[in-house]
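**Student:** Can you keep this structure in mind? I'll have questions shortly.
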Amino acid sequence: MTTLAVPRPPAADIRRQSHVVADSITMLNRNLLHMVRYPGLSVFTIVVPVIVLLLIVFVFGGTLGAGLPGVDPAGGRAAYLAYVMSGILVITVAGTAGGTATTVSMDMTEGITARFRTMAISRTAVLAGHVLGNAIQAIIAVTLVLVVGVAIGFRPTATPLEWMALAGVIGLVAYAISWLGVAMGIQAKSVETASNMPLVLSVLPLLGSGFVPTESMPVWLQWFAQYQPFTPFIETIRGLLLGTPLGWNPLFTIGWCTVIVVASYVWSRALYERKSVH
């Protein structure tokens, strides 16, 4: 009886892959240490969404909530808290891109990247360390903001399976936004520019369904609001938290995240190769 030999990957490829993974873990530890030693950026990404949440709900929530379809005006504030929570969570994730862009830009401008280039460190791992560190930071920030929401009256109806799906969606969105933040940080010519470039990501939820239904917007704005990437992010999170119809939003979320990750990786890798030479 003859046996078929199963082809195995070359030993060099296996060593290279393990080398990238080990280097990525090392760079992740470096970024997590930065997060602990310099907590200012981490605190900022949590404080700002919490302030926005409290301001929107307690100052404007009664009026805005009463305008939601099918809502009793007497319960407008509670209804608006339930509606706006998913938008606040997405803004929290988007806000972490600023910290990523800043730390990447600091590495690029202070010579750390040039030093890494002289060492036996995978170039992909240097970028992946920033991405994974920021994604973890985003998940922590979202958890804390969600706790604040529950403390002021938010009552999600998600089942255990929906909570698991929610964690996966937030992790995927955070991963995509982190790659985009890395690319912006490398593209920026200074640390100041790097800290400002990702601000547009925090504006996009405002131009989607994060704070008001897209149907309430002018016709010329509705098309952009409905088809920009942050609207399916928000609607997927809202559906998992509150049981609203999901429709095609989960698929759009996966699709948009895939496009953002691939485009940002290609962009950041090309910039990194070009700038780290100088």
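**Student:** Report every pair of residues separated by at least 6 positions or lying on different chains whose Cβ atoms are under 6 Å apart, first residue within segment 249-278 and more than 16 Å from Ile186 (Cα to Cα) and among the β-branched types (Val, Ile, Thr), second surrounded by fewer than 18 Cβ atoms within 10 Å (Cβ to Cβ) and at pLDDT below 90.
**Tutor:** The qualifying pairs do not exist here.
**Student:** Residues in segment 245-278 that are among the hydroxyl-bearing types (Ser, Thr, Tyr) and at pLDDT 90 or above: how many?
**Tutor:** Adding up the residues that qualify gives 4.
Yes/no per residue for (1) among the aliphatic types (A, V, I, L, M); (2) within 20 Å of Ser178 (Cβ to Cβ); (3) over 14 Å from the mean Cα position of the chain (by Cα):
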| residue | (1), (2), (3) |
| --- | --- |
| Pro198 | no, yes, no |
| Leu207 | yes, no, yes |
| Phe233 | no, yes, no |
| Leu246 | yes, no, yes |
| Asn249 | no, no, yes |
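**Student:** Still on this model: Do you know which residues across segment 243-262 are in a helix (DSSP H, G or I) and in contact with a Leu (Cβ under 8 Å, 6 or more places away or on another chain)?
**Tutor:** Those that are in a helix (DSSP H, G or I) and in contact with a Leu (Cβ under 8 Å, 6 or more places away or on another chain): Thr253, Ile254, Cys257, Ile260.
**Student:** Mind checking which residues of segment 142-175 are among the hydrophobic types (A, V, I, L, M, F, W, C), under 14 Å from Ile237 (Cβ atoms) and surrounded by 15 or more Cβ atoms within 10 Å (Cβ to Cβ)?
**Tutor:** Passing the criteria: Val142, Val145, Leu146, Phe154, Ala158, Ala165, Leu166, Val169, Ile170, Leu172, Val173, Ala174.
Per-residue answers, yes or no, for (1) in a helix (DSSP H, G or I); (2) among the acidic types (Asp, Glu); (3) modelled with pLDDT under 90:
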| residue | (1), (2), (3) |
| --- | --- |
| Ala125 | yes, no, yes |
| Ala128 | yes, no, yes |
| Val131 | yes, no, yes |
| Gln137 | yes, no, yes |
| Arg155 | no, no, no |
| Leu161 | yes, no, no |
| Ile170 | yes, no, no |
| Gly185 | yes, no, yes |
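**Student:** Which number in (1) under 30 Å from Met108 (Cα atoms); (2) in a helix (DSSP H, G or I); (3) not hydrophobic (A, V, I, L, M, F, W, C) marks the one condition that Lys189 misses?
**Tutor:** Every condition holds for Lys189 apart from (2).
**Student:** A further question on this structure: Give all pairs with beta carbons closer than 7 Å in which a residue from segment 109-138 that is surrounded by fewer than 18 Cβ atoms within 10 Å (Cβ to Cβ) meets a residue that is polar (S, T, N, Q) and modelled with pLDDT under 75; count only pairs at least 6 apart in sequence or on separate chains.
**Tutor:** Between residues of segment 109-138 that are surrounded by fewer than 18 Cβ atoms within 10 Å (Cβ to Cβ) and residues that are polar (S, T, N, Q) and modelled with pLDDT under 75, the close pairs are Ala114/Ser276; Arg117/Ser276.
**Student:** Does Gly243 count as at positive phi, surrounded by fewer than 20 Cβ atoms within 10 Å (Cβ to Cβ) and out of contact with any His (no Cβ under 9 Å at 6 or more places or on another chain)?
**Tutor:** For Gly243, the condition - at positive phi, surrounded by fewer than 20 Cβ atoms within 10 Å (Cβ to Cβ) and out of contact with any His (no Cβ under 9 Å at 6 or more places or on another chain) - is met.
**Student:** Is there a residue being modelled with pLDDT of 80 or more and in contact with a Leu (Cβ under 9 Å, 6 or more places away or on another chain) anywhere in segment 2-24?
**Tutor:** Looking for residues that are modelled with pLDDT of 80 or more and in contact with a Leu (Cβ under 9 Å, 6 or more places away or on another chain), one finds none in segment 2-24, hence no.
**Student:** Follow-up. What is the residue count in segment 194-242 for residues that are in contact (Cβ under 8 Å) with a residue 24 or more places away in the chain, part of a loop (DSSP other than H, G, I, E, B) and either out of contact with any helix residue (DSSP H, G or I) (no Cβ under 8 Å at 6 or more places or on another chain) or under 20 Å from Gly61 (Cβ atoms) (or both)?
**Tutor:** Result for segment 194-242: 6.
The values are calculated or read from the model by the stated rules, or taken from the named source; none is laboratory data. None of these values were measured; they are calculated from a predicted model. Here Cβ is always computed from backbone atoms with ideal geometry, including for glycine, and neighbour counts include all displayed protein chains.
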